[in-house]
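Here the structure is laid out as structure tokens; the discussion comes afterwards.
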Amino acid sequence: MRGTPACVIAVFCLALLGGGCSSPSSLADDPQFAVADFALTERSGQGVRRADLLGKTWVAAFIFTRCAGPCSQVSGTMAHLQHDLAGAKGVVLVSFTVDPEFDRPAVLRAYAERFRADANTWLFLTGEQDEIHRLIVKSFHLGVQKNSGPGVKPGYEVEHSTKLALVDPEGRIRAYFDGTAPEDLPKLERQITVLLWENRLPEVNAVLNGTSAILLLLGYRMIRRGRVTLHKTCMLSALSVSILFLASYLYYHFAVKHGKPTPFTGEGWIRPVYFTILLSHTVLAAVTAPLALFTAYKGLTDQFKKHKAIARWTLPIWLYVSLTGVVVYCMLYRLYPSP
């Protein structure tokens, strides 16, 4: 399931605050910025770090509770997201206060209640002002500035962006959306759906491997019974499923993981077992592709003697690769998942 070399070029652009409690003028299509680590406090008083959000798709918003500008509109958009995505597993909303000196946990709790924020899926974070502002500028590449002096009007203590940042399970910013623009909400929800689907591709790939193994066994049984047409149907279906698996696998590792392997977290005796299975699976997978195509070609061109001779090798190797693909998935993502 791992081991395929990958390279990808991430295209990104920078969105900065224009002025006031407003939005940056440009929108990144696929910025791929990585959010830096942070240690902040949730309205409940519990600590929250970047690592706590890894593996989840999350939407970041930037507000402050005494804001007289569009903060309420941004939080209203987040409330709509909470309603529309209710029941969606692996999605978290995160509101960062840009006025942490005033917005302590108790203040954020009262603010969250105004929007009926679910404590399990919508976090409100506060902390040290320098850390939060640095995070917004350096990691989210958005603007924030505290106003000071006697001329500051109540509710305009901080200028900041009204953008929503969509962050993938790897902790990378994938896109920005205008938190004050209703027309951006459906776009954001569609992109969240895409990320949720991408995150399930390892499971899909395991299903494809398992399906291929079943079709191979059915095809073998059919030829042993002399049912040539059904044998051909099963084998060509197994070949099609394997090709679909390859396309899905490459997309996941090229476009989603960017060539970064998923670490195996098992310790002790299970590590050599896992890597032995992985190595044999990877090496034989490289052999299976041309072998399966060659075997199919011989059968489709009625070269039955040669087809039968090569199939004696192709079938067990192909079947082993399909089954160990499922085993590697179970070990890597189910038995010993990454934190």
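The values are calculated or read from the model by the stated rules, or taken from the named source; none is laboratory data. In this text the structure is predicted, and so the values were computed from the model without any measurement. Using ideal geometry, Cβ is built from the backbone for each residue, glycine included, and neighbour counts are taken over all protein chains shown. The protein model used for the area step is the full one, side chains on, heavy atoms only, and it has no ligands, DNA or RNA in it. Shrake-Rupley method; radii C 1.70, N 1.55, O 1.52, S 1.80 Å.
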For this session: Filter region 104-156 down to residues that are open to solvent by less than 60 Å² (accessible area, probe 1.4 Å), outside any helix (DSSP H, G or I) and within 27 Å of residue 91 (Cβ to Cβ), then give me how many there are.
Result: 14
For this session: Output yes when any residue across region 189-196 is under 25 Å from residue 335 (Cβ atoms), open to solvent by 30 Å² or more (accessible area, probe 1.4 Å), in contact (Cβ under 8 Å) with a residue 40 or more places away in the chain and under 18 Å from the mean Cα position of the chain (by Cα), and no when none is.
Result: yes
Seminar exercise, completed: Across (1) open to solvent by 20 Å² or more (accessible area, probe 1.4 Å); (2) touching a residue at least 60 places away in the same chain (Cβ under 8 Å), residue 98 clears everything bar (1)
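For (1) more than 24 Å from residue 199 (Cα to Cα); (2) under 34 Å from the mean Cα position of the chain (by Cα); (3) touching a residue at least 12 places away in the same chain (Cβ under 8 Å), each residue gets a yes or a no:
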residue	(1), (2), (3)
239	yes, yes, yes
244	no, yes, yes
256	no, yes, yes
263	no, yes, yes
298	yes, no, yes
307	yes, no, yes
Exercise. Out of all the residues in region 53-79, which are open to solvent by 20 Å² or more (accessible area, probe 1.4 Å), closer than 23 Å to residue 257 by Cβ and small (Gly, Ala, Ser)?
Worked result: 55
For this session: Mind listing whichever residues of region 36-52 are assigned to a loop (DSSP other than H, G, I, E, B) and crowded, with 17+ Cβ neighbours inside 10 Å?
Result: 38, 43
For this session: Assess whether residue 317 counts as being open to solvent by 80 Å² or more (accessible area, probe 1.4 Å) and either of a type in the set (S, T, N, Q) or part of a helix (DSSP H, G or I) (or both).
Result: no
For this session: Please go through region 224-246 and pick out each residue that is open to solvent by 60 Å² or more (accessible area, probe 1.4 Å) and either part of a helix (DSSP H, G or I) or touching a Ser or Thr at 6+ places or on another chain (Cβ under 6 Å) (or both).
Result: 224, 228, 229, 230, 232, 233, 236, 240, 243, 244, 246
Seminar exercise, completed: Among the residues of region 247-269, the number that are of a type in the set (Phe, Trp, Tyr), part of a helix (DSSP H, G or I) and surrounded by 15 or more Cβ atoms within 10 Å (Cβ to Cβ) is 3
